[in-house]
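The values are calculated or read from the model by the stated rules, or taken from the named source; none is laboratory data. Note that the structure is a prediction, hence the values are computed from the model and not measured. Backbone-built Cβ (ideal geometry, glycine too); neighbour counts: all protein chains shown. SASA here: full protein model, heavy atoms, side chains in, ligands and nucleic acids out. Shrake-Rupley method; radii C 1.70, N 1.55, O 1.52, S 1.80 Å.
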Amino acid sequence: MAAVPSFMVQICIGSVYAWSMWNFPLTHELGVVAAAAGDWSLSEVVGVFSLTATSLGFTTFFLGPWAERAGPRYVAAMSASTYGIALALSGLGCQLHSLPLIYLGYGVFGGMGWGFGYISPVSTLLRWFPDKKGLAGGLALTAFGAGGAVASPLISTLQNAFARPPTFLGPASEIALSVENGRQFANVDGVLREVVVATSSNLAQLTGPLEGLSEGVYLVGTGSTGAAMALFSMSAIYSTVMAAGAIGMRVPKPGWAPEGFVAPVTNAGGEPGYSYKEAMHTPQFYLLWLAVFGNACSGMALLSTAKTMCGEVFGQLVPALVTGGFTASYVAALSSASAGGRFGWAVCSDYLGRRNTYKFFATGVPALATIPMFIVPMGVEGGGPTSVYFFVGTTMFVVMNYGGLFSVLPAYISDLFGQRNVGAIHGRILTAWSGSALVGPTILTTMRGRSERGAIEALAENVPDDKFLTAFGSPKTELPALIEGKTANISRLMELQAAGTPDPTPHLYDTTCYSICGMLTIAAMSNLAIRAPPPHPSMIEALEQEKHLSNLEDAEVCDLTDREREELASRERMQQPPDAPEKTS
C-alpha cells in the first residue's frame, strides 16, 4: 500500500511521455486540417518538451536536497500544484495562440511539477525496500512510465470531444487563390481571407469530428483542434489525483527494516555513503552521467515525436493501417514499453548487476540502425503492414531500454556511492536527462527539417514552371517564401509529380536514426569505463561495525558487557517490522 500514493502522482506526471500527442494540434492550431503560415513549426513545439526536461533538471539539481528534507507529502503537493498550473497555462496559451505562454506553462512549471513528483517517490520507496533496491526503483518508475499509456487515450478523447472542423470553401480547383508573402488567400464575400489547402495526406491523420472531411480549401482560424480545452480538462483531473496521492504519502518509521534485513550502521548513526559533493568529485559520477545522457537521447527523440514520426513515415505507405487512431495507440504502446522496461530491467538488475544491465542497452545501436537500413526500404518496396509492425517492435524495444535506464539508475547510484544521499546524487545525475531532452529532440527536428527542405526543393525542380505557377500562384523564385509560409510542402508537390515519382517523406528521419546511434555508442563506452570508486570512510566504518556485531553474536551472552548487549538488542529492533511486539529479557 505504501506504493499506491506514489503511483497516483507518477502516473500523472508520466503524461509528459505522451507529448507527441500534442505535436499535431499545436502545429495546426490555426489551419486545423493543414498547417497555416502562422502555425508553429514542429521544432518550436518540440522545444516545449525540451524546456520541460530542462526545468526538471534544474529542479532536481537545486531542490533535490531540499526535497529530501521536506518529506514526500509536501513535495508531492508541490508537484500537484505546479503541474496543474502548467497544464492550465498551456491551455490558455493555445487559446490565445501564445507560444511563450505555453513555454512558461508546460515548459517551466511542467518541468518543476515533473521534478517534484519524480524524486520524492523514488527515494521514499527505496526506504521501504532497502533489501530490493532494483525492485523499489522499478515500482516507483513503472507507474511513471505507464503515465503516457494512460494519458494518450485520454488526450485523444478530450481533443476529439472539443475539436471543430474549419469552414470549407470548396475544392482547390474551384477557388481562386492568391499568394502574398508565401501565404494563401481567397476572396470571401469581398474580403481576402487566409486559407489552407488540405490534401489527402493532410486529412488522413485526422480523427474524431475532423475525420472524413473533403480535400480542398478551408478558412484559417475558423475551427479548433480541441487542444486548449483538453489541456484545461487535464489540469483539473491531474491536479486532483496528484493532491490525493500527496495526502497518502508517508515514509517508514526511523530504524525500521524488513524482516531478515540487516541495515548497515555507523558509530555516528545513519547510512554509509558519499555526499553528493563528494560523488561529484569522482570520475564515476561523470561516466555515469554520460551513460545516462547517451542512452536517454534515443528515448527522448522517439517519445517527443512518436506520433508524428509514425504517421509521416508510414502514413502514405500503408494508409489503411496507419491512421490517426493507430498512431495514438502507438504512443500508448511506447509508454507501455517504457513502463515494462522500468519494472523488468529493475528486477533483472538485482540479479545481473547494474553495470551489466546498462551494457545490454547498447543493443539499441543495431536496433535503431535497422529502421533506415531495412525497415523503411521494406515499406517503400511494398512491405505493407509487416514493415509497420517491425518499426513498432523496434522502437518499442529501444524505449523499453530507455525505461530501464532510469529505474535501474537509483540502485546503480546506491551501489557506487552508498544509500545515504541517493536522492541528492540522483537529482544531479538527472541533469543528463535534461541534456538529452535538449539534444535528442533537437537532433531529430533539425535533421528532419533539413531533409524536408531538401526534398521540397528537389520536388519543385521536377515541376514545370507553368504548372508550378498555376498551382501556387507564384514562380519558383518565390519558393523560399512559399516554404516559409507552409504553402509549398511535400504533399502538394507530390500531386504535381510524374507518375512513379517516389515520395521522400518516409526517409525524412534516416539521418536522425544514424545520429542517435552515435549517441548510444558514446553511452555504451562510458558505462564500460565505470569501476567501483574507493570505499567511503563511512562504508569502511560500517563494515567494521558489522564484523564487530557478528563476533558478538558468536560469543556467549554471559561473556558480553552491558554495552555489547545493548548493541545486539538495537540491531534486533532494527530488523523487526514496525508492529512487532518488543522482546523482553
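Relative to the longest principal axis of the Cα atoms of the chain, the long axis of helix 110-128 lies at roughly 30 degrees.
Counting lysine pairs in the chain that sit 8 or more residues apart in sequence, or on different chains, and whose Cα atoms lie under 22 Å apart gives 9. For the pair residue 360 and residue 498, a Förster radius of 45 Å applied to the C-beta separation gives a FRET efficiency near 0.40, rounded to the nearest 0.05. Using the Karplus relation 6.51 cos²θ - 1.76 cosθ + 1.60 with θ = phi - 60°, the per-residue 3J(HN,Hα) values for segment 290-305 come to 5, 4, 5, 4, x, 5, 5, 4, 5, x, 5, 5, 6, 5, 6, 9 Hz, with x marking Gly and Pro. Counting every Cα pair in the chain, what percent are over 32 Å apart? For the chain, the fraction of Cα-Cα distances above 32 Å is 50 percent. Helix 227-248 and the long axis of the chain differ in direction by around 10°, with both axes built from C-alpha atoms.
Relative to the current alpha-carbon distance between residue 352 and residue 380, full extension at 0.36 nm per residue lengthens the span by 6.0 nm. Going 7 Å from the Cα of residue 181 along its beta-carbon direction, which residues of segment 478-501 have the amide nitrogen within less than 16 Å of the resulting point? 480-487, by backbone N distance to the label point.
Around the Cα centre of the chain, unit charges on the Cβ atoms of Lys, Arg, Asp and Glu (plus for the first two, minus for the last two) sum to a dipole of about 420 debye.
Overall size of segment 262-420 from C-alpha positions, given as principal axis extents largest first: 69, 26, 25 Å.
Solvent-accessible surface of the chain, averaged per residue with a 1.4 angstrom probe and all protein chains in place: 40 square angstrom.
Packing here is the average count of other Cβ atoms within 10 Å per residue, and on that basis the peptides 223-231, 324-332, highest first, run 223-231, 324-332. Working from Cα pairs under 8 Å separated by at least six residues, relative contact order for the chain is 23 percent. Here the chain has 61 percent of its accessible surface on carbon and sulfur atoms, given a 1.4 Å probe and all protein chains in place.
Per residue, the chain reaches -21000 deg cm²/dmol at 222 nm when only DSSP H runs of four or more residues are counted, each adding -39500 (n - 2.57). Relative to the dominant Cα principal axis of the chain, helix 431-461 is inclined by about 20°.
Taking the charge dipole of the chain about its Cα centre, with +1 at Lys and Arg Cβ atoms and -1 at Asp and Glu Cβ atoms, the residue from 321, 367, 336 reaching farthest to the positive side is 336. With the highest mean first, a sort of the peptides 164-171, 426-433 on other beta-carbon atoms found within 10 angstrom per residue produces 426-433, 164-171.
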